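Following: one structure in structure tokens, then a few remarks.
The values are calculated or read from the model by the stated rules, or taken from the named source; none is laboratory data. For clarity, every value in this text was computed on a predicted model and none was experimentally measured. Every residue, glycine as well, gets a Cβ built from its backbone with ideal geometry; the counts of neighbours run over all protein chains shown.
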Amino acid sequence: MSDELVFYTNPMSRGRIVRWMLEEVGQPYRTEVVGFGPPMKAAEYKALNPMGKVPALKHGEMIVTECAAICAYLADAFPQAGLAPAPGSKERGPYYRWLFFGAGPTEAAVTNKTLGVEVPPEKAGWVGYGCFADVMDTLEKAVSQDEYLVGDRFSAADVYLGAQIGWGLQFGTMERRPAFEAYAKRLQARPAAIRANEIDNALMPEQQPAAV
């Protein structure tokens, strides 16, 4: 069975998170750029991801979708990269905690805030994140306690949550707090993050509509 890594993405999507993770892992991979609209909804692509969206990762016969899941999968599939604490270690708990805090409360809270969806205080118990302010305060505490989310060890949790914070600062969907800015600056200086951005930025012109 082939162990080839095939990465389905679009440079103007959350696939940029997985690109960064792949560059941190350091294994060879092939990129398939999928256009928005009909290409993502085509039967051939939806056989890989029924949601008809990117990113998706194929590793041999294994197919993984959803950014947080792909990051977690890659960290475990290539332990030599050191991007996840060892199973059973005391760091595994906070690693999972922050990886999925990004995929759950952070993603939902920022999306609702961006779309202007206001949860009435009396209904806060109905949503997993409670309120936007609580999510921001929790994130600020998480990135202020040490250099990375899991002590002094960079991990896949930093890739996923760090990318969200970086985008939030760039596009104004998160509050510009000093702790967020310092954390994002540290992560964006990583060689793998720089390489990933260069690769996706180089693909951007190919995705722009032709002038008429």
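Observations, loosely collected:
- Within the stretch 155-167, tally of residues that are surrounded by 20 or more Cβ atoms within 10 Å (Cβ to Cβ) and among the aromatic types (Phe, Trp, Tyr): 1
- When each of 72, 42 is tested for being outside the structural domain of residue 124 (by TED's automatic domain parsing), on the phi < 0 side of the Ramachandran plot, within 13 Å of the chain's Cα centre (by Cα) and among the small types (Gly, Ala, Ser), the lone residue that passes is 72.
- Of the residues making up the stretch 92-123, those that are surrounded by fewer than 16 Cβ atoms within 10 Å (Cβ to Cβ), part of a loop (DSSP other than H, G, I, E, B) and on the phi < 0 side of the Ramachandran plot are 117, 118, 120.
- Scope the stretch 182-212; condition surrounded by 14 or more Cβ atoms within 10 Å (Cβ to Cβ), at pLDDT 95 or above and part of a helix (DSSP H, G or I); matching residues: 183, 184, 186, 187, 188, 192, 193, 195, 196, 197, 199, 200
- Residue within the stretch 89-107 that is out of contact with any Lys or Arg (no Cβ under 8 Å at 6 or more places or on another chain), under 20 Å from residue 139 (Cα atoms) and among the basic types (Lys, Arg) present: yes
- Answer from 203, 139 - the residue that is in contact with a Leu (Cβ under 8 Å, 6 or more places away or on another chain) and touching a residue at least 40 places away in the same chain (Cβ under 8 Å): 139
- Single residue of the stretch 26-50 satisfying the filter (surrounded by fewer than 19 Cβ atoms within 10 Å (Cβ to Cβ) and among the β-branched types (Val, Ile, Thr)) that is nearest to residue 195 (Cα to Cα): 31
- Of all residues in the stretch 75-120, exactly one satisfies the criterion of being of a type in the set (Asp, Glu) and under 12 Å from the mean Cα position of the chain (by Cα), namely 107.
- Of the criteria (1) in contact with a Cys (Cβ under 9 Å, 6 or more places away or on another chain); (2) under 25 Å from residue 91 (Cβ atoms), which one residue 162 fails: (1)
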